[in-house]
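Inspection log for the structure reproduced underneath, given as structure tokens.
The values are calculated or read from the model by the stated rules, or taken from the named source; none is laboratory data. None of these values were measured; they are calculated from a predicted model. Every residue, glycine among them, receives a Cβ derived from its backbone with ideal geometry; neighbour counts consider all protein chains shown.
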Amino acid sequence: MTIEIKVPSVGESVTEGVLSRWICKSGQGIKAGDPVFELETDKASQEIPSPAEGILEIVVPEGEKVLVGAVVGRIAPGKISSVVPAASASAPVVSAQPVLSTASPAARQIAAEQGIDTSKIAGSGRDGRVIKEDVQAAVSSQKAVPASTASTAPANVVVRSSGVRSENRTRMSTLRQRIAERLVSAQHNAAILTTFNEADMSAIMALRAKYKDSFQKKYGVGLGFMGFFVKAVVEAARAFPTVNARIDGTDVITPDYLDVGVAVSTGKGLMVPVLRDADKLSFAQIEKGIVDLAVKARDGKISVADLQGGTFTITNGGVFGSLLSTPIINPPQSGILGMHTIQKRPVAVDDQVVIRPMMYLALSYDHRIIDGREAVGFLVRVKECVENPERLMLEI
Amino acid sequence: MASYDLVVIGGGPGGYVAAIRAAQLGMSVACVEKRATLGGTCLNVGCIPSKALLDSSELFSVIGHQAAKHGIKVPAPQLDLASMLGRKDKVVKELTSGVAFLLKKNKIDVLHGAGKVSGSGQVAVDLASGGTSNLTCKHILLATGSEPINLPFLPFDGKTIVSSTEALTFDKVPDHLILVGAGYIGLELGSVWKRLGSRVTVVEYLPRILAIADAEMATLLHKSLEKQGMVFQLGTKVTGATPEKNGVTLRCEADGKPVNIKGDKVLVCVGRKAYTQGLGLESVGLVPDSRTGQLAVDANYQTQVAGIYAVGDLIAGPMLAHKAEDEGVAFAERLAGQKTHVDHATIPSVIYTWPELSSVGRHEEELKAAGIAYKTGKYAFKANARAKCMDEEDGLVKILADASTDRVLGVHIFGPRASDLIAEAVTIMEFRGSSEDIIRICHAHPTLSEVTREAAMAVHKRAIHA
């Protein structure tokens, strides 16, 4: 039996409305209770559900004024097997809508200015909405937290619960913001290029194997790679002093000392404490100096003086497994040496294929004052000294 | 013996709204009303008739005094009081019939007569049509409202010493109407008759009008009413009345000196008292407060006697129709297990003088007394475009915001349509909004609502149109 769809009474004193929209189409199979058309009255606009299951036949078109009780459609009997896809195509796709913030206008304004995510703040407004004072409190508590306790890498791990996608937003610590600024300005101001080479580490490794115990015993510090590399850099810098220079306005300043920055990764971000007068330090002094600086940096006890100056930087991505990279120079310096992981590779030695522990070396440099010849020469010199440490002794 | 889930005694805003909500929630309900018409004091002898007369008399005044400014030439308008009162009666009738229709539509049984509690879950009704009806029920809601306070030294006589009820039906415009009490009821009714041609004198015991309102706003209204011709006798105590041939002499005292005021009618509006007479409360051991006459209730509006509840003017809080309505709804919903709550802090109040005076939240004296640091923002209607177009430039909006959190603590409006403009402030306060929120919300132009927005800006000393 065909069932009529009539305009229902939606409120006292409402006698008519406008059939503003048909949600389903003529010929469409609909279920009882499915929203079938939208009725607009003086008071409200609402979706009217279908009174029965069957095939819809539209009688009154959209946009028509209708009286309460008027027949606007009919439902012909007919079972429909499942929810008709057409219904979902014409119905608004609600799930794709982004969830709008219920924070108050002022709260939203301040949050946007201060980079705060209101969904992460407890709200004291009606029904837990975030209001102005909640955001203000979040801003002041953020300012009260010193940079040393700001976000670390683990805090940014987003644990995903089933089906819920969310993001974690954390304010960058002042330190990280500064690091970010400097890196960007370095790339912006310098013409940075990277030249590569590789070094056979077997000589150094043989020396270490032979002398590490007595070195440790005598100096109380391990014999690592850094002593060799710093000394190699000293040698290379003697040969190619421009790599140790810096630009100041239209001048090039070339110091006659070498303060080597050693990049250290700490929980708070990258720091580059400086080994002063590295050209005058012994192996033990270099190793000890680096250990001291690294410990200070990781403990958050590094001072500003420790981080200032520096004429050249060495960075070691190898400890994290990096095979090859293009380091960014540390302004106002003009060069940075990148050390990488030592990997056994087949190489040609005396026309034989042999397995050697190889390390790729990268030298990023500021092409404004260092030309290719100098950069390549510098790196070749480093390679030579690293592959043949006796050259450091002989200063060849 | 008819049996119900709920019997409501009193068909005013508290009672009939509670009955309808309860019926919507599936309860079987009966409503007992003493008057022949529903709607209580509000519809019959309160809010509605007074507003009808206020609007009519305001129109009379505007035509007489302001039409010329608009280039409309009319001779001095003539008053047909009978017609004006007739229109008022028609409005009342439409609304009371409307309530009757609503109760019928919600299948609520209405009994006209005096209802009283005759035992636990028992209500006896002395039917107006004769006989008695006994109802049993699970719950009884008392919603009998309030009545004007009758001063023992100046008792109502229904003719010369009258209450607001009679002041809505004077058969002619009094020559001199004396008001006792400068509260909102008195000032509203005084405004009506002033506009229709009476001389009006207001006698008030306190040194200021509208004791419960913000002092600055009350002063603005006071000055406006004086400009409209009302005479105020403040700080004056009334001691009695001596009947005269054509009226009465009101005997008063000011600064220890006797003051006599002669007039034809004295309208006593010194407040209202909860009405519990004949309700049979003693039969169940319910005793109203000796001073206020009100009943104490818990969060579910239940009195000390289980199964007996009360809302509206019968219980503490502002004696306002919308408060009674909200409580009626809350009572019914709580009975159905919901957790509805009426927040008294955000109930607005309105005085329908012209300009109107409305407010929500706290006023300056309250904040100072509570030691709360606050900021103030004010903006005058005089600077508002729409107000100028309407030729209604008197008044201002005052916003009080917490000095540290900027949360809106109170909004006070004296000006045209203040009764409607206050709704925005109530909403903001309900959402615990700040004055900055008001600023950041778009307000249509040109509207009076922009005054509220500029006042919010003034809190931060950055009004744009000032």
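Checking B:Ser358 against (1) surrounded by fewer than 22 Cβ atoms within 10 Å (Cβ to Cβ); (2) assigned to a strand (DSSP E or B); (3) not basic (Lys, Arg), which single condition isn't satisfied?
Of everything listed in (1) surrounded by fewer than 22 Cβ atoms within 10 Å (Cβ to Cβ); (2) assigned to a strand (DSSP E or B); (3) not basic (Lys, Arg), B:Ser358 misses just condition (1).
So is B:Thr292 hydroxyl-bearing (Ser, Thr, Tyr) and not in a strand (DSSP E or B) or not?
Spelling it out, B:Thr292 is indeed hydroxyl-bearing (Ser, Thr, Tyr) and not in a strand (DSSP E or B).
Return the residue satisfying two criteria in turn: it lies in region B:412-448 and is in contact with a Leu (Cβ under 7 Å, 6 or more places away or on another chain) and assigned to a helix (DSSP H, G or I), and of such residues it is farthest from the other protein chains (Cβ to nearest Cβ).
Taking the candidates together, the pick is B:Ala418.
Looking at (1) part of a helix (DSSP H, G or I); (2) away from chain A (no Cβ under 14 Å); (3) touching a residue at least 40 places away in the same chain (Cβ under 8 Å), find the lone condition where B:Lys388 falls short.
(3)
Let's see how each residue does on (1) free of Cβ contacts under 8 Å to residues at least 60 places away in the same chain; (2) touching a Cys at 6+ places or on another chain (Cβ under 7 Å):
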{"position": "B:Val123", "(1), (2)": "no, yes"}
{"position": "B:Thr136", "(1), (2)": "no, no"}
{"position": "B:Leu142", "(1), (2)": "no, no"}
{"position": "B:Leu151", "(1), (2)": "no, no"}
{"position": "B:Pro155", "(1), (2)": "yes, no"}
{"position": "B:Thr160", "(1), (2)": "no, no"}
{"position": "B:Ser164", "(1), (2)": "no, yes"}
{"position": "B:Asp171", "(1), (2)": "no, no"}
{"position": "B:Asp175", "(1), (2)": "no, no"}
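Looking for whichever is modelled with pLDDT under 95 and either more than 30 Å from B:Gly197 (Cβ to Cβ) or touching a strand residue (DSSP E or B) at 6+ places or on another chain (Cβ under 6 Å) (or both) here; the options are B:Gly113, B:Gly98, B:Gly119. Which one fits?
It is B:Gly119.
Restricting to region B:242-273, and then to whatever is without any contact (Cβ under 8 Å) to a residue 12 or more places away in the chain and part of a loop (DSSP other than H, G, I, E, B), can you tell me which residue is farthest from B:Gly197 (Cα to Cα)?
That would be B:Gly256.
Identify, by number, the condition in (1) farther than 30 Å from B:Gln66 by Cα; (2) within 14 Å of chain A (Cβ to nearest Cβ); (3) part of a helix (DSSP H, G or I) that B:Glu366 doesn't meet.
All conditions are met except number (2).
For region B:78-106, what are the residues that are more than 14 Å from chain A (Cβ to nearest Cβ) and more than 18 Å from B:Ile48 (Cα to Cα)?
Correct list: B:Gln78, B:Leu79, B:Asp80.
Condition (residue is touching a residue at least 12 places away in the same chain (Cβ under 8 Å) and either among the hydroxyl-bearing types (Ser, Thr, Tyr) or part of a strand (DSSP E or B) (or both)) applied to region A:223-235: is it met by at least one residue?
no
Residues being in contact with a helix residue (DSSP H, G or I) (Cβ under 7 Å, 6 or more places away or on another chain) and either without any contact (Cβ under 8 Å) to a residue 60 or more places away in the chain or surrounded by fewer than 20 Cβ atoms within 10 Å (Cβ to Cβ) (or both): count how many of those fall in region B:289-300.
2
Which number in (1) modelled with pLDDT of 95 or more; (2) more than 18 Å from B:Leu357 (Cα to Cα); (3) out of contact with any His (no Cβ under 9 Å at 6 or more places or on another chain) marks the one condition that B:Thr405 misses?
(1)
Scanning for something modelled with pLDDT under 85 and not in a strand (DSSP E or B), does region A:16-23 turn up at least one residue?
No, there is no match, as no residue in region A:16-23 is modelled with pLDDT under 85 and not in a strand (DSSP E or B).
Quick check on A:Tyr360: is it in contact (Cβ under 8 Å) with a residue 40 or more places away in the chain, buried (at least 20 other Cβ atoms within 10 Å of the Cβ) and within 15 Å of A:Ala236 (Cβ to Cβ)?
Taking the combined requirement at face value, the residue does not satisfy it.
For the list (1) under 30 Å from B:Gly115 (Cα atoms); (2) in contact with a Pro (Cβ under 8 Å, 6 or more places away or on another chain); (3) not hydroxyl-bearing (Ser, Thr, Tyr), I need the number of the one condition that B:Ile149 fails.
Checking B:Ile149 against (1) under 30 Å from B:Gly115 (Cα atoms); (2) in contact with a Pro (Cβ under 8 Å, 6 or more places away or on another chain); (3) not hydroxyl-bearing (Ser, Thr, Tyr), the one that fails is (2).
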